[in-house]
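Taking it in order: structure first as structure tokens, then the write-up.
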Amino acid sequence: MKWTEDYSILIIDDQLRAPTTEGEILRAIVREIEKMGVTVLQATTIEDGRWHFIAEPGICCILLDWDIGDEGAGSFISFVRGRNGAIPLFIFTEKLTVKDIPLAVISRISGYIWKMEDTADFIAGRIDIAIQEYYDSLLPPFFKGLARYVKECRYSWHTPGHMGGVAFLKSPSGKIFFDFLGENAFRSDLSISVPELGSLLEHTEAVGKAEEHAARVFGADRTFFVTNGNSTSNKIVMHACLTAGDVVLIDRNCHKSVMHGVIMTGAIPLYLMPTRNAYGIIGPIHPGEFAGKAMEKKLKTSPLITKERSVTHTVITNSTYDGICYHADQIKRKLDGLTESLHFDEAWFGYAKFHPLYHGRFGMHDTARSDGSPAVFATQSTHKVLASLSQASMIHVRHGKAPVDFDRFNEAFMMHTSTSPQYLVIASLDVASRMMEDQGGRILIEETLEEAIIFRKKMLLLKDEIAREHGWWFDLWQPSSVKTRGGAVKRLEEIDEKELIRESRYWDAGPGDDWHGFGGMENGYAMLDPIKVTVITPGIDHKGTLAKKGGIPAALVSRFLRSRGIVVEKTGHYSFLILYTIGITKGKSGTLLSKLLEFKRLYDGNAPLSEVFPDLVEAHPDFYRGLGLADLCERMHHHLKEGKITAIMRDVYDSLPPQVMLPVKAYEHLVKGRVEKVPLGDLEGRVSAVMAVPYPPGIPVIMPGEQFGGQARQIIPFLASCEEFDNSFPGFENEVHGVTVEEHMGKKRYLLPCVKR
């Protein structure tokens with residue numbers, strides 16, 4: 001198949017515009033290339049060529065004059081090959097100078113072009129062949145097959161019913177939809193009736209080859225493409241590993257889909273307790289939780305376990321929502337012989353394989369396997385942190401002491417996978433794998449890390465500059481000073497970003513460090529991921545003490561940023577999380593900084609809320625009319641301080657509620673209607689039929705089958721504080737999944753479904 005769309009060629013030659021014979025020959029070559037429908041980018045210096053190459057990923061061939069000035073054609077070739085080992089790269093030279101070209105250069109180019117002897121037509125033909133071969137190598141298996149099928153313009157007599165988009169063209173509203181997405185989107189929306197593309201359920205033909213390719217790229221023994229999100233990936237793994245009565249060890253810092261897997265399988269959950277700091281940031285599981293004695297105690301004291309059992313499956317969130325990533329190899333060693341299978345929920349960590357900063361910190365890292373090694377699963381939301389369409393996810397699998405039976409695993413896969421998968425989602429997973437292959441993935445992640453670290457350093461420099469004027473600025477949750485390799489202690493902003501990218505020890509949450517606020521850590525056990533940036537707003541110190549005044553709750557900053565077109569990932573009471581991915585650009589970081597400065601200016605001037613949040617004042621005039629931005633910040637800060645929110649947030653996750661019923665049994669009560677909605681004042685002693693999950697941080701405070709009360713007495717006061725906040729600050733309501741909110745006597749009231757007595 002010939003690829004002639006939307007690609008370009010870069011020519012770097014100082015004679016391109018020269019009034020010479022050589023210049024005229026070059027221009028003739030350009031004209032012949034343009035006849036092929038190709039865009040020709042022209043540069044007369046190495047530096048211009050370098051910037052073209054960085055800015056234009058669509059360049060698919062480079063023609064370079066070996067004798068161009070004194071700017072170093074050889075160094076440019078090294079630069080290109082460091083980023084792309086496959087792009088066709090030809091050099092213009094004379095036959096007499098070939099012997100002067102170093103062997104290291106000769107081995108890295110695609111060939112020579114004698115522009116003064118070969119015809120322009122012949123040169124263009126050589127380039128066209130090289131481009132087609134290069135394009136063919138870029139396309140991963142499934143996407144290549146899908147694109148070929150679409151370009152063949154076949155009539156379809158199968159589902160989906162829009163028949164390549166034609167049905168939409170028969171309706172005015174349908175045509176608008178068709179034009180908005182474009183024809184290829186509809187021509188690519190196919191059914192499983194296309195045999196050459198293969199079956200996602202049986203992993204055959206093109207889709208099977210795409211999964212095999214992804215497994216090689218991500219370091220797995222086997223990879224499965226999932227088209228309906230990481231939530232489904234988690235449930236597939238759990239359904240493949242667990243049956244009713246099996247014991248599953250779960251990170252309490254888990255996504256709710258993990259708990260859904262427990263309910264579906266009828267498994268018995270035991271919990272690994274994460275640490276928590278004074279900011280309310282959830283940290284890693286305490287290392288002592290993985291000790292054999294700790295496991296024995298959990299098994300013996302669980303009221304749900306009535307006979308001797310061992311742990312079948314273990315689920316750990318890596319990295320945490322706030323960017324703490326484990327040394328996965330350490331955890332594998334700690335669990336050696338203690339669990340049959342180990343599942344890392346890496347929804348936000350799919351890029352770790354591709355940069356040495358994360359060495360040993362992801363599930364598919366190639367560690368030595370012992371007789372007690374568990375099978376390892378890693379579920380990843382490819383669409384969250386790499387480049388793929390929404391709901392694109394992967395399951396990576398590595399064998400343990402016994403090989404994983406993939407036919408058996410596939411039964412669970414088919415149970416949760418549609419027989420009509422979206423082919424564009426599959427193609428996007430295929431392309432995401434190809435993008436991360438070879439040095440391409442390392443370069444993309446390196447650039448992301450660099451952007452995040454530059455932003456971190458800029459925030460620190462701004463804080464210093466503003467402090468000289470006795471002003472306030474935002475803090476960052478990160479090490480303030482670190483030891484260099486030579487032993488000198490330096491501030492983070494004093495260290496070159498290249499070094500900060502190379503050395504993971506700068507980001508370690510070690511036992512002697514006080515910046516992270518987590519007790520009982522081990523050296524190298526946990527690390528802050530630099531690309532997940534937590535901004536701390538004024539009004540709270542590292543001990544969790546709220547200032548008497550001058551506090552700025554993060555909800556107000558996030559709302560302001562959202563009104564300016566910037567949506568942050570997660571917002572706490574005095575912190576918000578910025579997520580850097582390979583899609584971040586320098587312009588985005590600069591815009592964020594400018595909007596934070598704008599917020600400071602508006603706060604310092606106590607700008608009227610009618611100007612800052614006009615929609616808020618219009619919707620709730622009785623609450624906000626006449627207030628300024630600083631006024632509202634102070635009012636909200638005072639409310640949180642008087643409500644002792646930091647103490648409540650710390651205590652609510654400190655102890656587990658009593659387990660009195662299996663989660664599946666609580667769910668059965670819900671399905672059969674044997675539940676009632678109970679207001680907060682009557683919750684003591686009741687058994688929850690659902691998860692109550694506050695956002696942020698998205699961590700359940702109670703699970704189905706657990707009882708309100710016991711040691712976990714702060715759950716009800718916590719929910720009461722959320723209810724009170726909702727009534728005091730409309731427009732800033734809390735999001736608590738599992739809770740029903742109703743109007744009662746003019747106020748919002750929380751109710752939770754509990755098992756009937």
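The values are calculated or read from the model by the stated rules, or taken from the named source; none is laboratory data. It should be emphasised that the depicted structure is a prediction, and the values quoted were computed from it without experimental measurement. Ideal geometry is used to build each Cβ from the backbone, glycine not excepted, and the neighbour counts take in all protein chains shown. Note: areas computed on protein heavy atoms with side chains; ligands, DNA, RNA excluded. Shrake-Rupley method; radii C 1.70, N 1.55, O 1.52, S 1.80 Å.
Structure values in brief
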quantity	calculated
Part-to-part distance (alpha-carbon centres) for region 690-757 and region 190-244, which is given in Å	37
Cross-link pairs beyond the 22 Å C-alpha cut-off, checked among Lys209/Lys235; Lys353/Lys463; Lys384/Lys532	Lys209/Lys235; Lys353/Lys463
Spacing of the two label points (7 Å from each Cα toward its C-beta) at Met116 and Ala488, in nm	5.3
Share of alpha-carbon pairs per 10 Å distance bin for the chain, given as whole %	2, 12, 19, 22, 21, 14, 6, 3, 1, 0
Thr534 long-range amide H proximity, modeled H, under 5 Å	Trp477, Ile578
Cα-based Rg / Dmax (Å) for region 543-696	20.4, 57
Gain on full stretching of the segment that runs from Asn727 to Ile305 - 0.36 nm per residue minus C-alpha separation	147.7 nm
Lys, Arg +1 and Asp, Glu -1 on Cβ, resulting dipole of region 314-432 about Cα centre, debye, nearest 20	240
Euclidean distance between Cα centres, region 174-189 to region 439-504, Å	44
Whole-number percent relative contact order across region 625-757, with pairs defined as alpha carbons under 8 Å at least 6 apart	30
Cβ crowding within 10 Å averaged over residues, with 303-312, 9-18 ranked highest first	9-18, 303-312
Amide hydrogen neighbours beyond the local backbone of Leu342, cut-off 5 Å, H modeled	Thr314, Ala375, Val376, Phe377
Table column - 3J(HN,Hα) (Hz), region 145-152, Karplus curve with 6.51, -1.76, 1.60, x for Gly and Pro	x, 5, 5, 5, 4, 5, 6, 7
³J(HN,Hα) computed for each position of region 349-362 - Karplus, 6.51 cos²θ - 1.76 cosθ + 1.60, integer Hz, glycine/proline x	9, x, 8, 4, 4, 9, 8, x, 4, 9, 3, x, 10, 9
Cα point-scatterer Debye curve for region 681-757, base-10 log of I(q)/I(0) at q = 0.22 Å⁻¹	-1.04
Region 252-314: C-alpha gyration tensor shape, a/c 1.5 cut-off, then a/b vs b/c	oblate
Rel. contact order, % - alpha carbon contacts under 8 angstrom, at least six apart, region 277-332	43
Using a Förster distance of 51 Å, the FRET efficiency for Asp48-Asp405 (Cβ separation, nearest 0.05)	0.35
Cα-projected label distance for Lys548 with Asp615, points at 7 Å along beta-carbon direction, nm	3.8
Long-range Cα-Cα pairs in region 421-511 (distance over 18 Å), rounded percent	60
For Thr275, residues with placed amide H under 5 Å, excluding near neighbours	Gly283, Ile285, His286
Estimated D of region 256-383 in µm² per second, where Rh is the Kirkwood radius over Cα pairs and Stokes-Einstein applies at 4 °C, 1.567 mPa s	83
Fully extended contour minus Cα-Cα distance, from Val660 to Ser75, at 0.36 nm per residue	203.8 nm
Per-residue HN-Hα couplings for region 571-576 [Karplus 6.51, -1.76, 1.60; θ = phi - 60°; Hz; x = Gly/Pro]	10, x, 6, 9, 7, 9
Separation of the Trp472 and Lys170 label points, Cα + 7 Å toward Cβ, nm	6.3
Inter-centroid distance (Cα atoms) of region 364-434 relative to region 556-603, Å	33
Residues Lys586 and Arg126, FRET efficiency given R0 of 41 Å [Cβ-Cβ distance, rounded to 0.05]	0.65
Extension gain (nm, one decimal) between Gln439 and Ala630, 0.36 nm per residue minus Cα-Cα	63.9 nm
Lys458/Glu34 FRET efficiency (R0 41 Å; Cβ-Cβ; nearest 0.05)	0.45
Most positive-pole-ward Cα, Met238, Ile68, Thr301, against dipole of the chain from beta carbon charges	Thr301
Whole-percent carbon and sulfur share, accessible surface of the chain, 1.4 Å	52
Size of region 104-212 as Cα extents on the principal axes (Å, biggest first)	58, 37, 21
Unit Cα scatterers, Debye sum, region 616-757: log10 I(q)/I(0) for q = 0.10, 0.13, 0.14 Å⁻¹	-0.38, -0.61, -0.69
Relative contact order (%) - criterion: Cα under 8 Å, at least six apart; region: the chain	9
Whole-number accessible area per residue in Å² for the chain, which is evaluated in the context of all protein chains at 1.4 Å	43
Accessible area of His638 in the full protein assembly, 1.4 Å probe (Å², nearest 10)	100
